[in-house]
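**Q** Pasting a structure below so you can have a look.
The values are calculated or read from the model by the stated rules, or taken from the named source; none is laboratory data. Please read these numbers as outputs of a predicted model, since none were measured by experiment. Ideal geometry is used to build each Cβ from the backbone, glycine not excepted, and the neighbour counts take in all protein chains shown. Note: accessible area is taken over every heavy atom of the protein model, side chains too, but ligands, DNA and RNA are not part of it. Shrake-Rupley method; radii C 1.70, N 1.55, O 1.52, S 1.80 Å.
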Amino acid sequence: MASLLANSAATLLARLAVPAFSFAISVTIARLYGAETLGVYVQLMALTVIFQTAASAGIPLLLTRDIAADGESAPVHLARAGSFALASGTAASAAFLLYAWLGLDGRPALAAAVLAATMIPSARMAIQEGFFMATRTHHRVTAVALVENSLKLVLAGVAFVAGKGIVAICAAIAAARIVAARVGGRLMARQGAALGWSLKWPDALAFARVVAPFAVLLGVSMLYFRVDVLLVGRLRDPAETGLYGAAITLYTVSLLLISSLMSAVYPRLASAFRASQEGFVRSTALTVKLLAVGSVPLAVVMICTAEWALVLVFGEAYRDAARVLQLLAASLPLHAVNGALGQALQAGRHQAVMVRVVIAGLATHVLGILLLVPRLGIDGAAVSMLVSSAIVTSGSALGFDRRVAGLRPGWREAGAVVAVVVPITLTLLAPAPWLVPVGVAALTALAIGVAAGVVSRPELEQLRRVLRLRDGAAVP
């Protein structure tokens, strides 16, 4: 348990480093240049993350699973991943440059061309992350993230002081990523796992065949969380896109709280599956329940404080984005469930199921944005996120039921669903003057439900046993 908590804390710190330092950049842009420039910036960052995800192509998920399950073969896995990363990073760089040339104009196009330099370093950092996660050295991921984001903030600060604008800020981001990739490489070398720069096509192709479902899943998942910014940018003016970007920036922090915990749990799920399928199924079901219920207080607090947080962080001009942030917050438990079930299916080598589910969710999300944003404004994109994430939750639960083990929910599970849905729904529907009192009452009801036995003592004991997994050996 101590190992899990330490790894979760390290991963959380690494994950939070990105939005924490990006917050500073986004807030400075918002306050110095206004919502329109912020809208351009968030679109550029969304594009960059999408292409960086294509460059990394699911490498961390596959390496984490395979090295955690078979550490003796780590050199083989790393050699193949290194060749593949060089190929995928080069392809992503070329694709990003082509997009910048054909799809953007003026300074945004130049800024995108600068950001293309981050693709190959991103692919190599994906290898580093997978290796560090699999070897339970999560603190090294944190160290790399802190180096990158500290340097990014310093260089971006220089750009702000010099008044050089978006292009200089993007150059700062690119330089920081290149340096971070070098630091991560040195940390890997200290663990006896140096990465080379040679491209061996047999190794690259062998890795590509195995990583393909992970690449598609990670790519589609990342597109799912970024396509709203891109489409809002096309459907609404830059100022509204900036408002939406402010809400998304705050919302991302809450998502990272969930993903950080799952990054620490995933290697244990992979090991548990190999050791005992029955224990794996029980631990997965319990993880789903605890993450869903545990995310409710975060969602309710975000709904209650959305307007205050936006004004405090970005300024009075961003107050109108409060409803967007509230609607996004309502989807947090759904994303928690999706993360747990998705990584459980991957640990059980059923990632193809999640690929189909997430593709369906992405298609629903895109359609929802195209239909709702013209009618509801930027609130429509948040509604689309809520609806599409519910579809993904249903699909991932069905996939787990059919491919891994039949789900047989009892009264405790039904109680957990009520404990998730009712507090969030009541808070979301509460009139503005009653928002905080309703939120407090909702959380009080949640606490009563948990105390009444939504999670039983035997379930907590089972979770404790599963979390004591060490280096691939399960505790029966």
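**Q** In the range 293-393, which helices (runs of 4 or more DSSP H) lie fully inside it and hold 2 or more residues that are within 23 Å of Ala239 (Cα to Cα)?
**A** On the way: elements: 322-330, 332-347, 351-376.
Those helices (runs of 4 or more DSSP H) span 322-330, 351-376.
**Q** Just to check your reading of the model, which residue among Ala204, Ala193, Ala176 is within 23 Å of Gly58 (Cα to Cα), at pLDDT 90 or above and of a type outside the set (Lys, Arg)?
**A** Details: Ala204 fails: at pLDDT 90 or above; Ala193 fails: at pLDDT 90 or above.
Exactly one of Ala204, Ala193, Ala176 is within 23 Å of Gly58 (Cα to Cα), at pLDDT 90 or above and of a type outside the set (Lys, Arg), namely Ala176.
**Q** Does Leu332 fit the bill of being free of Cβ contacts under 8 Å to residues at least 24 places away in the same chain and of a type in the set (A, V, I, L, M, F, W, C)? Show your work before the answer.
**A** Working: free of Cβ contacts under 8 Å to residues at least 24 places away in the same chain: no; of a type in the set (A, V, I, L, M, F, W, C): yes.
Spelling it out, it is not the case that Leu332 is free of Cβ contacts under 8 Å to residues at least 24 places away in the same chain and of a type in the set (A, V, I, L, M, F, W, C).
**Q** Restricting attention to the range 43-51, does a residue exist that is modelled with pLDDT under 75 and aromatic (Phe, Trp, Tyr)? Before you say what the answer is, go through the steps one by one.
**A** Initial filter on the range 43-51 (modelled with pLDDT under 75): none.
No, the range 43-51 has no match at all.
**Q** I would also like to ask the following. Considering only the range 392-403, state which residues are out of contact with any Gly (no Cβ under 9 Å at 6 or more places or on another chain), open to solvent by 50 Å² or more (accessible area, probe 1.4 Å) and of a type outside the set (Asp, Glu).
**A** Ser394, Leu398, Arg402
**Q** Which of the residues spanning the range 406-431 are loosely packed, with under 12 Cβ neighbours inside 10 Å and at pLDDT 85 or above? Before you say what the answer is, go through the steps one by one.
**A** Residues of the range 406-431 that are loosely packed, with under 12 Cβ neighbours inside 10 Å, as a first pass: 406, 408, 410-411, 414, 429, 431.
Residues satisfying the conditions are Leu429, Pro431.
**Q** I need the full set of residues from the range 210-243 which are over 18 Å from the mean Cα position of the chain (by Cα), modelled with pLDDT of 85 or more and not acidic (Asp, Glu), in order please. Working first, answer last.
**A** So the first thing to find is which residues in the range 210-243 are over 18 Å from the mean Cα position of the chain (by Cα), and the list is 210-212, 231-243.
Applying the additional criterion that residues be modelled with pLDDT of 85 or more yields 231-237, 239-243.
Leu231, Val232, Gly233, Arg234, Leu235, Arg236, Ala239, Thr241, Gly242, Leu243, listed by residue number.
**Q** Is it the case that Leu223 is hydrophobic (A, V, I, L, M, F, W, C), part of a helix (DSSP H, G or I) and open to solvent by less than 40 Å² (accessible area, probe 1.4 Å)? Can you show your working first?
**A** Values: hydrophobic (A, V, I, L, M, F, W, C): yes; part of a helix (DSSP H, G or I): yes; open to solvent by less than 40 Å² (accessible area, probe 1.4 Å): no.
The answer is no for Leu223.
**Q** Determine whether Phe132 is touching a Lys or Arg at 6+ places or on another chain (Cβ under 6 Å) and assigned to a helix (DSSP H, G or I). I'd like the intermediate steps shown before the answer.
**A** Numbers: touching a Lys or Arg at 6+ places or on another chain (Cβ under 6 Å): yes; assigned to a helix (DSSP H, G or I): yes.
Yes, satisfied.
**Q** Here is a further query. Considering only the range 157-179, I want to know if a residue exists there that is more than 26 Å from Leu110 (Cβ to Cβ) and part of a helix (DSSP H, G or I).
**A** Our first condition is that a residue be more than 26 Å from Leu110 (Cβ to Cβ); within the range 157-179, this holds for none.
Within the range 157-179, not a single residue is more than 26 Å from Leu110 (Cβ to Cβ) and part of a helix (DSSP H, G or I).
**Q** Does Phe160 meet the test of being of a type in the set (Phe, Trp, Tyr), over 21 Å from Thr48 (Cα atoms) and either open to solvent by less than 50 Å² (accessible area, probe 1.4 Å) or out of contact with any His (no Cβ under 8 Å at 6 or more places or on another chain) (or both)?
**A** Details: of a type in the set (Phe, Trp, Tyr): yes; over 21 Å from Thr48 (Cα atoms): no; either open to solvent by less than 50 Å² (accessible area, probe 1.4 Å) or out of contact with any His (no Cβ under 8 Å at 6 or more places or on another chain) (or both): yes.
Answer is no for this residue.
**Q** Just the residues that are touching a Gly at 6+ places or on another chain (Cβ under 9 Å) and open to solvent by less than 10 Å² (accessible area, probe 1.4 Å), please, taken from the range 372-391.
**A** Hits for the range 372-391 are Val373, Gly380, Ala381, Ser384, Met385, Ser388, Ser389.
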